[in-house]
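Single-structure report; data block below.
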Amino acid sequence: MNTALREQPIFVAGHRGMVGSAIVRRMQGLGYADIVTASHSELDLTSQAAVQQFFRSRRIGAVVLAAAKVGGIHANNTYPADFIYENLMIEANVINSAHESGVQHLLFLGSSCIYPRLAPQPMREDALLTGTLESTNEPYAIAKIAGIKLCESYNRQFGRDYRSVMPTNLYGPGDNFHPENSHVIPALLRRFHEATLTKANEVVIWGSGTPLREFLHVDDMAAASVHVLELDEATYQANTQPMLSHINVGAGVDCSIRELAETIARVTGFEGRLVFDASKPDGTPRKLMDVSRLKALGWQASVALEDGLRESYSWFVQHEQDARR
């Protein structure tokens, strides 16, 4: 393991997001000596000039690129231009500026949506670019694929050590609980919470309830990210390929949206009926990651789904109460 990185200045882009903040917590727990951060008001990552100046004005030893514009099906369908443009700009600016500043080590965080809509399950890394993407988030997926290929291209042309990890659906403290623009777990936690408070008789859930999804707690994602970042170069290269270098990060198990909703009902104490609105889009029928590559590299998930949901719900309730004060 390359634990020497813990003594270098590490720029965590997106440190206020759910994943970025979890990575910062993980690094702090491991004794990282110099974690560099910048809020959006301090640094607009979509501005090439601003990002170049940021890197020139600081001594950066490594980068974790966790910054991204993210959202659920509704947000991706409503703002496709925003999703592809902003994510492409963030990736291109940070990766190129890191290279120009002599940064040798970088970790790029992508998404499981890079894989074809009907990819064989569980999805292996070599399923990339073998079929048609899910239409509801294709622009976002294209941007994330471009990020992987940016990293690989700088590695091949300049000998950089830029790595990519592709997480499954993430959840946990710090998630976005917006009623329209959030992912499925925070959206359902909010909906069931509000239904419990109002003593509603039913909760309506988008889709048929049959799609299968895999969920990973953000603290597990943070642990996996630092693990991959710290792998020595020989070990990383022995388990990847120059043009197939990304690593899946997941729990290795999935559940149906119906099962997820039933678990969230238990967690929130909701006792009414679950109604599934099949007129709404389901998205990809199944998304389960093959995590055998990551397991071979010495890491696997540890947070059980119901335990993680209870922690997320507690965080949400606490922050809702704080917001009202």
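The values are calculated or read from the model by the stated rules, or taken from the named source; none is laboratory data. All of these numbers come straight from a predicted model, not from anything done at the bench. A quick note on method: Cβ atoms are made from the backbone with ideal geometry, for glycine too, and the neighbour counts reach across all protein chains shown.
For region 36-59, the tally of residues that are buried (at least 21 other Cβ atoms within 10 Å of the Cβ) and either assigned to a strand (DSSP E or B) or touching a His at 6+ places or on another chain (Cβ under 9 Å) (or both) stands at 0. One residue alone among Ala251, Ala296 is in contact (Cβ under 8 Å) with a residue 60 or more places away in the chain and closer than 30 Å to Leu133 by Cβ, and that residue is Ala251.
Confirm whether Phe11 is buried (at least 19 other Cβ atoms within 10 Å of the Cβ) and in a helix (DSSP H, G or I). Spelling it out, it is not the case that Phe11 is buried (at least 19 other Cβ atoms within 10 Å of the Cβ) and in a helix (DSSP H, G or I).
Of all residues in region 241-259, those that are buried (at least 21 other Cβ atoms within 10 Å of the Cβ) and within 13 Å of Lys295 (Cα to Cα) total 5. Within region 222-240, residues that are more than 14 Å from Gly110 (Cβ to Cβ) and small (Gly, Ala, Ser) reach partners that are at pLDDT 95 or above and assigned to a helix (DSSP H, G or I) with beta carbons closer than 6 Å, at six or more positions or on different chains, in the pairs Ala222/Ala22; Ala222/Ile23; Ala222/Arg26; Ala223/Arg26. Inspect all residues belonging to region 201-214 and state whether any of them is out of contact with any strand residue (DSSP E or B) (no Cβ under 7 Å at 6 or more places or on another chain) and over 30 Å from Val24 (Cβ atoms). No: zero hits. Taken over region 20-74, the criterion of being within 22 Å of Ser101 (Cα to Cα) and of a type in the set (S, T, N, Q) is satisfied by Thr37, Ser39, Thr46, Ser47, Gln48, Gln52, Gln53, Ser57. Restricting region 220-240 to residues that are surrounded by fewer than 22 Cβ atoms within 10 Å (Cβ to Cβ) and among the acidic types (Asp, Glu) leaves a set whose member that is nearest to Glu152 (Cα to Cα) is Glu233.
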